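Reading through the C-alpha cells given below for one structure.
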Amino acid sequence: MVTDKVRRALAGINTAVPNIARMHDYFLGGKDNFAADREAAEKVLAIAPELRTIAREGQDFRRRLMRYLTGEGITQFITFGAGLPTQSNIHELAQESAPGARCVYVEDDTVVLTHARALLATDDNTGVVRGHILRPDELIADPGLRALIDFDRPVGLLLLTVLQYIPDADDPFKSVARLRDALPSGSHLALTHVVFDDRPEAAKAIVDIYQQILGRSENISRTFRDVERFFDGWELVEPGLVYMRRWRPDTPSYERPEKAWMAVGVGRKN
C-alpha cells in the first residue's frame, strides 16, 4: 500500500492526474492508486473488462518467463515497465531460481521511481535508475546500471508493456536495436505488448483514453506484425511471438488465447 514514507516522497506530485502504473496496480486489485487513476481505469474497463484478466495473467507470465531465462543461465536483468513494486517483482522471481541474481529497474516515471527507491533500498543486488527506452545511450552509460550489470556477460532485457505507449513517430524500434547492439551474445529480449488483431473495435476508444493521459495525439495501437519488428536481429525462441496464454503454459489452457490479447515473445542474440 502507499506508506507514509512514500506519501511524503510523493509530496508535490499531482495525484489528480491519472498515472499508467497506478492504473495497472488498480487492475490487479492493488492499493497504490488514487481516485484519478481509478476513474481512468474504470473508463478503460468499461470498454474492455478483460483487462483485469490480462493484468493477472501478466503476473503468471512473469513467473514462467523468469524460470525460462534463469534456466538459460541469465542472472542479470535490465527491466523496463516493471510498474509499482508490489507483487511478482522481477528481482524476486529471478532470485528464487538464481540466488544472487541482479536486476536494474529503469523508469522515467517519478511516481514509480519514488515507490521503487523507497521499497528496494535494502537490496544490494537490485537497483533503480532513471531512464527511458528512447534514450538508450544515456542508459548504457549510466553508472548506477553499470555498477550492477556486466555487459561482458549475457543480459536479460525485459520490456514489459512499455513499448505499447510509444508511437512509431518516436522510432522505438531504433532504440530497441541500439540496446540489442550493446548487449553481448547470449542475451535475451523479452517483451509484452497489447495487440488489437482480435479487438479492432476497441482500439480507438482505448487509445483515445491513453492519448489523453500521455498528452499525445499519435496512434499507438499495434498488431502482431507490427510488434514482431522489435525482434529484428534476435532469434525468436519457441513458441515465437504469441498470445500470452500460449507462451510455455504450465498447464494446457482451453480458453481462447485471444481473450487475453497481450502478445509476448522472447528472442536470443546469437
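Each value in this text was obtained by applying a stated rule to the coordinates, not by laboratory testing. Because the structure is a prediction, the values reported are computed rather than measured. As a convention, Cβ positions derive from the backbone with ideal geometry for all residues, glycine included, and neighbour counts pool all protein chains shown.
Data overview
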read-out: Lys, Arg +1 and Asp, Glu -1 on Cβ, resulting dipole of the chain about Cα centre, debye, nearest 20; value: 320
read-out: Cα centre as origin, Lys/Arg/Asp/Glu Cβ charges: segment 27-179 dipole, Debye; value: 280
read-out: Between segment 18-62 and segment 193-229, the Cα center-to-center distance that results, in Å; value: 16
read-out: Charge-dipole axis of the chain as Lys and Arg at +1 and Asp and Glu at -1 on Cβ define it, positive-most pick from 58, 158, 242; value: 58
read-out: Residue order, fewest to most surrounding Cβ atoms within 10 angstrom, among 66, 244; value: 244, 66
read-out: Residues 134, 179 arranged by fewest to most Cβ contacts within 10 Å; value: 134, 179
read-out: Length added when fully stretched, residue 135-residue 216, from 0.36 nm per residue minus Cα-Cα; value: 27.3 nm
read-out: Mean separation of Cα contacts under 8 Å (6+ apart) over length of the chain, as relative contact order %; value: 18
read-out: Cβ-based charge dipole, the chain, positive-most Cα from 224, 261, 94; value: 94
read-out: Value in Å of the Kirkwood radius, where segment 111-270 supplies the Cα pairs that are averaged; value: 17.4
read-out: Order of 132, 91 - criterion: other Cβ atoms within 10 Å of each residue's Cβ, fewest first; value: 132, 91
